[in-house]
Amino acid sequence: MLAILRIFLLFLAFVLINLVVFAVCILRPFNRNNVHFAGSAYALMAPIVGLKLKMRIDASHRIDTPYVYIANHQNSFDIITICKAAMPGVVTVGKKSLKWIPIFGQIYWLSGNIMIDRKNTGKARDTLMLAGKKIRERRTSVWVFPEGTRSYGRGMLPFKSGAFRLAQAVNEPVVMVTASELHNKVKWNRWNNGTVLIDISGPISVDQSKSVREWAEYFRTAMEKRKQELDTEVAELDKKR
């Protein structure tokens with residue numbers, strides 16, 4: 001019974017939130033804060049699935065500074081968990097096929113996000129250069145899921161190099177956004193599904209001391225370690241619930 005009620009409420013909330021976000025995007029298309037607004041709105045659905053979100057931001061992080069954000073990509077619940085960490089002035093890089101999803105696809109486009117054709121390497125690199133142009137001209141930040149796809153409990157997948165190539169090209173720091181484990185976290189018939197910790201790290205300059213691929217491996221290792229730390233902390237927090 002709880003599962004049926006929860007699914008109904010989640011569907012209803014998703015429709016209503018999409019309508020509100022869509023209206024905002026229509027009124028201010030491509031506004032630099034549309035992604036931030038959408039991420040905060042979708043995060044309102046977390047209590048419906050029994051999740052408590054806790055977000056931490058490193059003291060050295062500055063909202064008014066452009067960064068290349070990299071985040072771990074776990075499953076479909078990312079939209080109501082880690083996307084809460086989308087800061088003002090950020091746009092994301094996502095696959096081009098998202099535009100065909102009714103309403104959500106139009107929201108994604110009107111939010112000023114950058115759509116990339118992953119099947120065409122040449123076009124994908126051109127799109128990343130467009131992201132670099134946005135960073136320079138509009139002082140926006142760019143959010144990338146460097147794994148390229150959801151991990152679904154398979155551990156941290158290998159990182160693609162595009163985000164780090166972009167960071168070197170625009171000479172802006174990389175910021176890790178790490179969420180604790182989500183795989184099998186939500187049980188529809190369980191009222192309280194525990195805590196999700198979301199950590200926004202301090203910025204790290206991506207200089208020429210390493211190759212792009214070396215930087216990709218460096219950040220993958222660092223994010224994997226940070227996630228393990230968050231998972232340990234969540235296990236302690238959830239014991240007390």
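When segment 164-194 is filtered for residues that are β-branched (V, I, T) and either out of contact with any helix residue (DSSP H, G or I) (no Cβ under 6 Å at 6 or more places or on another chain) or open to solvent by less than 10 Å² (accessible area, probe 1.4 Å) (or both), the ones remaining, listed by number, are V174, V175, V177, T178. Please indicate, with yes or no, whether at least one residue in segment 208-219 is polar (S, T, N, Q) and at pLDDT 95 or above. Taking every residue of segment 208-219 in turn, none turns out to be polar (S, T, N, Q) and at pLDDT 95 or above.
Going by what's in this entry, would I7 be described as outside any loop (DSSP other than H, G, I, E, B), open to solvent by 20 Å² or more (accessible area, probe 1.4 Å), hydrophobic (A, V, I, L, M, F, W, C) and at pLDDT below 95? When the stated conditions are applied, I7 passes them. Just a yes or no: is a residue in segment 85-94 in contact (Cβ under 8 Å) with a residue 60 or more places away in the chain, in a helix (DSSP H, G or I) and open to solvent by less than 10 Å² (accessible area, probe 1.4 Å)? Within segment 85-94, one or more residues are in contact (Cβ under 8 Å) with a residue 60 or more places away in the chain, in a helix (DSSP H, G or I) and open to solvent by less than 10 Å² (accessible area, probe 1.4 Å). If we scan segment 47-65, do we find a residue that is out of contact with any Gly (no Cβ under 7 Å at 6 or more places or on another chain), open to solvent by 70 Å² or more (accessible area, probe 1.4 Å), part of a helix (DSSP H, G or I) and farther than 26 Å from E181 by Cα? Checked against the condition, which is being out of contact with any Gly (no Cβ under 7 Å at 6 or more places or on another chain), open to solvent by 70 Å² or more (accessible area, probe 1.4 Å), part of a helix (DSSP H, G or I) and farther than 26 Å from E181 by Cα, segment 47-65 yields no hits at all.
Among the conditions (1) part of a helix (DSSP H, G or I); (2) among the β-branched types (V, I, T); (3) buried (at least 19 other Cβ atoms within 10 Å of the Cβ), the only one that V15 does not satisfy is (3).
Within segment 125-158, the set of residues being closer than 19 Å to V90 by Cβ, assigned to a loop (DSSP other than H, G, I, E, B) and modelled with pLDDT of 90 or more comprises F145, P146, E147. Only a single item in (1) within 19 Å of P203 (Cα to Cα); (2) out of contact with any Lys or Arg (no Cβ under 9 Å at 6 or more places or on another chain) is not met by I103, and it is number (1).
Of all residue pairs spaced 6 or more apart or on separate chains, those with beta-carbon atoms under 9 Å, a first member in segment 43-60 that is under 19 Å from E233 (Cβ atoms) and a second member that is open to solvent by less than 60 Å² (accessible area, probe 1.4 Å) and among the aromatic types (F, W, Y) are A46/F77; L51/F77. Tell me, which residue of segment 18-42 that is closer than 15 Å to N113 by Cβ, free of Cβ contacts under 8 Å to residues at least 24 places away in the same chain and in a helix (DSSP H, G or I) is least open to solvent (accessible area, probe 1.4 Å)? Going through the qualifying residues, I end up with V24. Considering A167, A163, the condition of being in contact with a Pro (Cβ under 6 Å, 6 or more places away or on another chain) and in a helix (DSSP H, G or I) is satisfied by A163 alone.
Among the residues making up segment 110-123, those that are open to solvent by 10 Å² or more (accessible area, probe 1.4 Å) and either more than 19 Å from the chain's Cα centre (by Cα) or at pLDDT 85 or above (or both) are L110, N113, K119, N120, T121, G122, K123.
Conditions tested, residue by residue: (1) touching a residue at least 40 places away in the same chain (Cβ under 8 Å); (2) surrounded by fewer than 13 Cβ atoms within 10 Å (Cβ to Cβ); (3) of a type in the set (K, R).
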| site | (1), (2), (3) |
| --- | --- |
| S201 | yes, no, no |
| D207 | no, yes, no |
| E214 | no, yes, no |
| R220 | yes, no, yes |
| K225 | no, yes, yes |
| Q228 | no, no, no |
| E236 | no, yes, no |
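The values are calculated or read from the model by the stated rules, or taken from the named source; none is laboratory data. Note that the structure is predicted; figures quoted are calculated from it, not measured. In this analysis, Cβ positions are derived from the backbone assuming ideal geometry, glycine residues included, and neighbour counts consider all displayed protein chains. For the accessible areas, the whole protein counts, side chains as well, though only heavy atoms, and no ligand, DNA or RNA atoms are used. Shrake-Rupley method; radii C 1.70, N 1.55, O 1.52, S 1.80 Å.
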